[in-house]
Structure formats: structure tokens, C-alpha cells
Amino acid sequence: MIAKINSFGLLGLEAYPIEIEVDVGSGLPTITLVGMADTSIRESRERVKSALKNSGYSWPQGRITVNLAPSEIKKEGACFDLAIALGILAASHQLNSQILSDCCVLSELSLDGSLRPVQGILPISLGLAKTKIKNLLIPWQNAREAAIVNELSIRPLKNLRQAVEFLNTPETIPEFKITTDEIFSPNVNYPLDFSEVKGQYFAKRAIEVAVSGGHNLLMVGAPGCGKSMLAKRIPTIMPTLSRQEAIEITKIHSASGNLSAEQGVICIRPFRELHHTISSTALSGGGSLPRPGEISLAHCGVLFLDELPEFRRDCLEVMRQPLEDGFIRISRQKRSFSFPADFMLVAAMNPCPCGYLAHPTKLCRCNTTQIQHYIGKVSGPLLDRIDIHIEIPAVKYSELTESREAESSNQIRQRVERIRQVQRERFKEEKIFSNSQMGHRLIKKHCRLNPEAKELLRLAMTELNLSGRAYDKILKISRTIADLAGAETILAEHIAEAVQYRSLDK
């Protein structure tokens, strides 16, 4: 007899249907898997055999053939164990196979028959919702994640016996229900807060401007001045995630296996801090069937690169295209994959190799050649995509010991959300949503200067010998500063502040 079971696989972040066919026939007792299965799937033969026997079922005495269709796509992972086991039981008449056609089955099996969670349940659930199949049989640990898709009937299972019980008597396994309000309850109680940062008023103002306008940020300062501390608090002032953004982030982390059973959905913006030894593949994503890299895991959040000049040149070059387009494309021999990668880049570096150039109390040990070589490690095209560069001074003792309470992240976030709404209204007819994304046409349209501002910008360009690139950056930053001030026209004070945020151009 031939049994057919529905399952799903992942290509990048897109789910595609897989039909698992199981035939139990006469012949020597053996099991053969066909259909471009990788090593982890071929190993399922032993897992399934042990799980069936330890769950009290009989292993058929005959030749078992398992086909994973479509055969032209390579499949990987252990998520087909349960489907293969149920197919063998159905083909050997050990369960009722009548409702199998309306079920999608996904789970890895332990040797004792218990179910293990699998990756990519959310993108698979979204793909399944577009089909006629409504029952989704998955491990209980994946139930909250799958419940985001209201169109499906989620059946959480703990072991193989429960799966068989459901197919024989469906009412034994109740449908998993949870309200969308409970799933998407925004958890903005970050463990960190800007109120904990003493001093650094100039840096905090620059960060607020950067987040408000969607500008990338580079912080230059001596070791211990607080660059990493400031960077880690940037997500706390970014706008609250929309439901669509939360689903996009959860899809990426689900496909990467980064979700816990308690999470279900990610409702806070990601913060990904990278070490400078990271490879370009880990950064961009890859593999024979590509998985998202750190660039995509930072989607809708912050990608933090500490010690920027220490990163390999090929890693820095990988970020150029996603910073421009908001996604990254990975090509393989037969197809290409696109992953979302719309993040805020925050980088930090020392002013010189020893870190104490222009420090008020410590002596710099670097010569001019060493300093130029150190700064020259940063890719010019990448630097072009960073609007704001600021110098972070050492915190004074008087600032560390002051008793005045600093402004909280919640207060700053309220201002940021107001400015983001202004920009959404401004660019509602365009395909952009922030000031940092303006091209030359939009800069000319929306960055109107009064006479005093024009004169100050002319002086800055002349006296500081700034480039045309810096000219556009200053105008975009000035537009954000004017929005924060509630001004329609860019004033001289806005230009003056924007020029201060281009320290590497001076």
C-alpha cells in the first residue's frame, strides 16, 4: 500500500509543499529514501525505526520506499521524521489514514518517540495558509509561533502516540488557541535604559537624531568612553514594532532556529553585536540551502560593529548593497534567494590604534602613518553610507556622580515616533519612509533653507573643504533636526548642528 503525507520545506524564507510517499511492499526488509534527501534526512531511518518500536508499533517486514517530492529540490533537516513515521504506519495499516490528506506534519523524532521542535514553523504556517490544508501537526514547543496564523488549526503534540491518536480520533487532541492581542502584546520593557547613561549629552542628542531620521551612525572615541553602552540602548528608543514588522522579524529568526517555545513572536527590535572575526558568509547568510545571516537577523533593528577598522574588508563590502536596498540577495547555481536586511548600522572605533589620540589625560603612542593606516582600513564606500560620525569624549567625574535623573528611553522614543510619523506623511507618495533615504530630487524638494542657513552651509563647505557627498548628508541630517524642532524650513542652527555630526569630513 502507498500512503501520502503532506509536509513543507524551506527555500530561504519561502515555504514550499512536499509530498512524502511511503510504499511498503514485498522484498528484503530495508528502507530506502529518495528525492534529493541530505544526510540528516537519510539518518531519519534509524530514528524513525527506534521511535516506532519504542512507542509500541510494529516495524513492517518488507521493503519500504520513501519518496520526497518534488525530487528536483534538495531537502535538508530532520523535520520530516514524524511524517515518515506516520506514512509507514498508514502504509502498513496501523492507523486510520482518512484525514491525512487534510494534515500537514512537521517534527523531528527522538528515539523514544517524543517530538522535538523544528525551525521555520512561522514561514511554513504562512505558506500552508494559502493551501486547502488546515490541520498542522507540530511539536508543542512550536505552537505559539504557528498560532500567529489564524487560518490554521494547530494541533500541538508531545509524542508519536498522540499523533496516531489524533488521526484515529481527532477530538482527542484539542486545537491550540491564543488571541492575537496576547501574541502581539508589545514588550518594550528593555533591560537597558538611556536614563542609566551619565553625561554624554552630545552623543545622546546625535543618537536621537540618527534614530529619528533613520541615519546610520559611527562613534569615535577612546576605550571606556561608553560607545558600546550607548549602542546597546539604541533599540530602546526606536519606534514600537508594527505587527507586520514583528512577523517579518519572527520569520527570519524562526528560519534560523533562534526562537524559544515561550517567545512565539518577537516584539522588540533586534540588536546584533558582531565580533570583528566574523566571516562574510556568517554576516550575509549562506549554505547549500541558504539561511539568513547576521545582516538579516538585524532586520528592523540595530547591527552593531565594534572596532570597525578590525573587520575584514570583504565583510565590510558585503554590507554595501543591503544598506542601499534594504535586502540581500544570495545566488546559487540553480536559484537566488532574497533576505530582508533593513537595519540601522551603528559602528564604533578608536581614533587611533592605541585609542588615546587627543585624550585629555592619556598620551597617544601612535605616529601619523599608523593613524592614517588605521582609519584607512574603513571602506570608503561603506563610510559613504554612514550619515553621522561623532566623537565621544571621556565622561568627567562630575558627570558620573551627578544626582540629576537623565531622560528615559520612553521619553526619547515618544519624540522619535512623532518624527517618524511626520516622515511617513511626507513620503507617503514615495517608496521611502525616512529622511536618510532621500535622493537628490527629494533633497531639493524637502530641504528648503532660509538665507542665513544657505550662507552658513556655504561657509562650511568652503572653510572645511567638504565634498559633494557631505553636502547631501548635511542637508538630510538638517531636515531631521528641523523636524525635531517642528520647523518647516531649515534654519542656520540646524545646519550648524548637522555640520558637527560629520567629524570625519573635517
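The values are calculated or read from the model by the stated rules, or taken from the named source; none is laboratory data. Quick caveat, the model's predicted, so the values are computed rather than measured. Positions of Cβ are backbone-derived with ideal geometry, glycine not excepted, and every protein chain shown enters the neighbour counts. For the accessible areas, the whole protein counts, side chains as well, though only heavy atoms, and no ligand, DNA or RNA atoms are used. Shrake-Rupley method; radii C 1.70, N 1.55, O 1.52, S 1.80 Å.
Provide the per-residue ³J(HN,Hα) series for the stretch 16-30, in order, calculated from phi with Karplus coefficients 6.51, -1.76, 1.60 and θ = phi - 60°, each as a whole number of Hz, with x at glycine and proline positions.
Once θ is set to phi - 60°, the couplings for the stretch 16-30 become 9, x, 10, 9, 9, 9, 10, 10, 10, x, 7, x, 5, x, 7 Hz.
Quick check: pseudo-label points 7 Å beyond the Cα along Cα→Cβ at Glu405 and Ser260, how many nm apart are they?
Between Glu405 and Ser260, the label points sit 3.0 nm apart.
For Glu488, what is the net charge nearby, where nearby means another residue's Cβ is under 14 Å from its Cβ and Lys, Arg count +1, Asp, Glu -1?
+2
Using only alpha carbon pairs under 8 Å that are at least six residues apart, calculate the relative contact order of the chain and give it in whole percent. Intermediate values should be presented prior to the final figure.
Numbers: 998 pairs, mean separation 66.4, N = 506.
Averaging sequence separation for qualifying contacts and normalising by length gives 13 percent for the chain.
Which one of Pro123, Ala143, Leu111 is farthest out on the positive end of the charge dipole of the stretch 100-157, using unit charges on Cβ (Lys, Arg +1; Asp, Glu -1) and the Cα centre as origin?
With unit charges placed on the Cβ atoms, the residue in question is Pro123.
So what's the gap between the Cα centers of the stretch 184-248 and the stretch 427-506, to the nearest angstrom?
22
Of Ile234, His253, Gly213, which is farthest along the charge dipole of the stretch 204-261 in the positive direction, counting Lys and Arg as +1 and Asp and Glu as -1 at C-beta?
Ile234
What number, rounded to the nearest 500 deg cm²/dmol, is the helix-based mean residue ellipticity at 222 nm of the chain, given -39500 (n - 2.57) per DSSP H run of at least four residues and division by all its residues? Mind showing how you got there, number by number?
On the way: 22 runs with 187 residues, N = 506.
Rounded to the nearest 500, it is -10000 deg cm²/dmol.
Between beta-carbons, use under 10 Å as the cut-off and find the net charge around Met238, counting Lys and Arg +1, Asp and Glu -1.
Surrounding charge for Met238 is +2.
Roll a 1.4 Å probe over the protein chains and send me the accessible area per residue for the stretch 63-181 in Å².
39
Could you tell me the accessible area of Lys177 in Å² (1.4 Å probe, neighbours in place), rounded to the nearest ten?
Its accessible surface works out to 150 Å², give or take rounding.
Residue-wise, which Karplus ³J(HN,Hα) couplings in Hz belong to the stretch 426-433, taking 6.51 cos²θ - 1.76 cosθ + 1.60, θ = phi - 60°, and x for glycine or proline?
5, 9, 4, 8, 9, 9, 10, 9
Quick check: the angle from helix 451-463's long axis to the longest principal axis of the chain, C-alpha only, nearest 10 degrees?
90
Please state the charge dipole magnitude for the stretch 190-330, taken about the Cα centre, from unit charges on C-beta atoms (+1 on K and R, -1 on D and E), reported in debye and rounded to the nearest 20.
Numbers: 15 positive and 15 negative charges, 26 e Å.
So the dipole magnitude of the stretch 190-330 works out to roughly 120 debye.
List the residues, sorted by chain then number, that are 5 or more residues from Cys104 or on another chain and whose placed amide H is less than 5 Å from its amide H.
Asn135, Leu136, Leu137
Any idea what angle helix 81-91 forms with the longest principal axis of the chain, computed on alpha-carbon atoms, 0 to 90 degrees, nearest 10?
Taking Cα atoms only, the helix is inclined about 20 degrees.
Which loop-located GluC sites (Glu not before Pro) does the stretch 339-413 contain, where loop means any DSSP state but H, G, I, E or B and the Cβ has at most 14 other Cβ atoms within 10 Å?
Glu402, Glu405
Which listed residue (Gly326, Gln372, Leu89) has the Cα farthest towards the positive end of the charge dipole for the chain, taking +1 on Lys and Arg C-beta and -1 on Asp and Glu C-beta about the Cα centre?
The residue sitting most towards the positive pole is Gln372.
May I ask you to give the percent of accessible area on the chain that is carbon plus sulfur, with a probe radius of 1.4 Å? If you can, show how the numbers build up before the last one.
On the way: 11240 of 22660 Å².
About 50 percent, which is the carbon plus sulfur part of the accessible surface.
For Thr131, what residues show an amide H to amide H distance below 5 Å, using hydrogens built from the backbone and excluding near sequence neighbours?
Distant-sequence amide H within range of Thr131: zero hits.
Treating only the Cβ of Lys, Arg, Asp and Glu as charged (+1, +1, -1, -1), what charge dipole size does the chain show about its Cα centre? Round to the nearest 20 debye.
Working: 62 positive and 56 negative charges, 144 e Å.
Roughly 700 debye for the chain.
Would you tell me the accessible area of Lys158, worked out with a 1.4 angstrom probe on the heavy atoms of the protein chains, in Å² to the nearest 10?
Rounded to the nearest 10, the figure is 120 Å².
Using the Cα centre as the reference, give the magnitude of the dipole from point charges on the C-beta atoms of the stretch 381-495 (Lys, Arg: +1; Asp, Glu: -1; all else neutral), rounded to the nearest 20 debye.
Details: 21 positive and 18 negative charges, 132 e Å.
Using Cβ point charges on Lys, Arg, Asp and Glu, the stretch 381-495 gives about 640 debye.
Can you work out the Karplus-derived ³J(HN,Hα) for every residue in the stretch 416-423? Use 6.51 cos²θ - 1.76 cosθ + 1.60 with θ = phi - 60°, whole Hz, and x for glycine or proline.
4, 5, 5, 5, 5, 5, 4, 5
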